[in-house]
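What follows is calculated from the coordinates using simple rules that are stated; it is not laboratory data. Worth saying up front: this structure is predicted, and the values here are computed from it rather than measured. With ideal geometry, Cβ positions are generated from the backbone for all residues, glycine too; neighbour counts draw on all protein chains shown.
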């Protein structure tokens, strides 16, 4: 049994977006289009990812840094849902629809350059490979594009800055305010332990005034 939808704290009103999707679906697919309540949890997760809603994501136990895999039997509405998501996502996350079968045929014709066309780096290739293996197991494609393709991740050991080195960076004077801002962000990451990808998403809503002594 699917868990009930809990109240989501967010800058977006998910109920309003749900209603908007219902209306948009009727415009695109006809008056008989209908979103089903039993799919609400899945649709809310998709909305959270495509809106990159960093406030709601922890509540839904969703990692926005990872990709998504929407699976289900043929004819269950996966393509329809993903098509609707193109109307709500930001420009940065706009995407095209390409069937696994088409990608497989394209690989057979053009070779490994196709794999790099739809993925970036060894980490993404690994995820892409898993998706293709799932497609092969479900009979959605006839040939594994990765059958003779091998890649590996090289481990990199990063050196740790010492306190005096951080102080040198803090005391460094730069000719432009832009470089000073870069330095300040770097130091903020050093003292908070946050990755740059996390700092980039910080907004005023994340900042609080601490009166503790």
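A few notes on this one:
- The range 5-109: C-alpha gyration tensor shape, a/c 1.5 cut-off, then a/b vs b/c: oblate
- The range 73-110 and the range 25-43: distance between their alpha carbon centers, rounded to Å: 18
- Most to least packed among 40-47, 189-196, 131-138 [average Cβ atoms within 10 Å]: 40-47, 131-138, 189-196
- Cα-based shape type of the range 163-206, given that a ≥ b ≥ c are square roots of the gyration tensor eigenvalues and the cut on a/c is 1.5: oblate
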